[in-house]
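Below: one structure, written as C-alpha cells.
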Amino acid sequence: MAREVLCFTALGLAALTPLLVSRHLIQLMDQLAGAELRLADLLALGRCLAAMLSAYALPIAFLLGVVLAVGRLASDREVAALCACGLGLRHLLAPVLALGLGVSALTAGLMLEVEHRAQRELRERVRELATHGSMIETGAFRRLGDRALFVRERAPDGELRGIFIADHSDPERPLQVAAERGRVSLEGGRVRLELRDGDLLLEGLEASRVAFDRFDYSVEAEALLGVDLARLRPREMPMAELRRILERARAGDPLLEYRKQNPAEYQLQIHRRIALPFAPALFALVGVPLGLRARGGARSWGALACAALLAGYYALLMFGQFLALEGGLPAALAMWAPNGAVAAAGCGLLFAARRPG
C-alpha cells in the first residue's frame, strides 16, 4: 500500500511541479518585460520557483497519490480481498496515515526553512539581472514617472551605449543627460547609472551645457523594475523575524520602515507556515475513503475528487486570509479553519466508509 501511494505521489509531483513553475515563471516574465534573459537566467529563476512551490506541490501530489492508489485497489477488487482476510479500514488507513505524517514533516521543513530563503534568492536574482543591465529595454523610451530613459544598445559585457535621460522631477530645473556609454548597478533600493563621456543640459532661466567624463545618476528601483527591492516582504522573512516584528507591533510600533505595516500580514505568515504542513496528514484521512468510492475502473473519479477538495481547501484559505487582512477574522482562525474543515470531512467520510454496503 505504501509503495503504491509513493509511486503515484512521485508521478503527481513530477507532473505538477513543472506546471506550477511554468505558470509562475510566465507571470514573472511580465515583471521582466524588456529583459534579455539567457537560458542560465531562466534555469536559475526556475530553480528558485521550484524551491518555493515544492511546499505546495508535495501535499497536492500526496493527495492525488492516495486517491489513485486506493482507487486502483478498490477497482481491482483488492480491497475486497483484504476485507475477506479480516483486514478492515483501519489496516488500510494506517500505512497511508504514517506516510501522511512523514509528508507533513517534510512539508514543515520546506515551509519553515526553504520557502523564505527561496523567496529571497529569487529577489536576489532580479537584483542580479538589474545589475547587469538586462532590465533596461534597448531601442525604446521608457517612462519612469517624471523621467524618461532611452538606451540605444547594450554590449555583450553589459555596458550600455547611447544613453539619454530626460528628468522633469523638478519642474523648475529640468535636466537632460546624454552619454556615450555607461553601466548600471543596484545599491539598496536605487538603481545607479554610471555614465561616461557625455553632456549635461540644465534648463532654467539660462540653459547651460556641461561636458563630463563621468556622471552618476540614480533612480528608485521600484520605478525601474516594478518591484520594491529595498524592503523584504513577510514571505521572505524567517519565523524569528516575523515574531520580532509582531512584538514591536504589540508595543505600539507603527512599523513604518517595513513594506507591510499591517500586523495581520505577519500573523498570517506565522500561522500559514505552521498550519499548512498539517494538510498532508489530513489529506490521508480524506483520500482513503474517497479512493474507496472508485468503482469499475472509474479512474477519473480520483482526479475530480482531488480537484474539488483542493479547490475548496485553498478557497477557504484565501477567503480567510482576505477577512484577516480586513480585520474581520483572527489570523489564527483564518489559517486553521481549512484544516478543521478537511478534518471534519475526513471523519465523516471514514464513518460512512465503515458502514456496510
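The table below gives the values:
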quantity	calculated
Verdict on Asp76 being modelled with pLDDT under 90, surrounded by fewer than 20 Cβ atoms within 10 Å (Cβ to Cβ) and more than 30 Å from Leu6 (Cα to Cα)	no
Identity of the residue in segment 138-163, over 17 Å from Arg192 (Cβ atoms) and at pLDDT 85 or above, that ends up surrounded by the fewest Cβ atoms within 10 Å (Cβ to Cβ)	Glu153
Exclusive hit being under 29 Å from Ala155 (Cα atoms), at pLDDT 90 or above and surrounded by fewer than 16 Cβ atoms within 10 Å (Cβ to Cβ), set Arg38, Arg47	Arg47
Index of the failed condition, Gln176 passing every other in (1) under 36 Å from the mean Cα position of the chain (by Cα); (2) in a strand (DSSP E or B); (3) polar (S, T, N, Q)	(1)
Within segment 257-295, tally of residues that are out of contact with any helix residue (DSSP H, G or I) (no Cβ under 9 Å at 6 or more places or on another chain) and either among the hydroxyl-bearing types (Ser, Thr, Tyr) or under 15 Å from Asn339 (Cβ atoms) (or both)	0
Scope segment 261-288; condition of a type outside the set (A, V, I, L, M), surrounded by 18 or more Cβ atoms within 10 Å (Cβ to Cβ) and more than 30 Å from Leu99 (Cα to Cα); matching residues	Glu265, Tyr266
Residues of segment 330-340 satisfying the condition of being surrounded by 15 or more Cβ atoms within 10 Å (Cβ to Cβ) and closer than 30 Å to Pro289 by Cβ	Ala332, Ala334, Met335, Trp336, Ala337, Pro338, Asn339
Condition met for Gly297 (at pLDDT below 90 and in a loop (DSSP other than H, G, I, E, B))	yes
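Residues are listed down the side, and each one gets a yes or a no for (1) charged (D, E, K, R); (2) at pLDDT below 85; (3) not in a strand (DSSP E or B):
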{"position": "Ala166", "(1), (2), (3)": "no, no, no"}
{"position": "Glu172", "(1), (2), (3)": "yes, yes, yes"}
{"position": "Glu180", "(1), (2), (3)": "yes, no, no"}
{"position": "Gly198", "(1), (2), (3)": "no, no, no"}
{"position": "Ser218", "(1), (2), (3)": "no, yes, no"}
{"position": "Leu229", "(1), (2), (3)": "no, yes, yes"}
{"position": "Arg248", "(1), (2), (3)": "yes, no, yes"}
{"position": "Pro254", "(1), (2), (3)": "no, no, yes"}
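The values are calculated or read from the model by the stated rules, or taken from the named source; none is laboratory data. On a predicted model such as this, the values are computed, not experimentally measured, just so you know. Don't worry about glycine lacking a Cβ; one is built from the backbone with ideal geometry, like all the others, and counts go over all protein chains shown.
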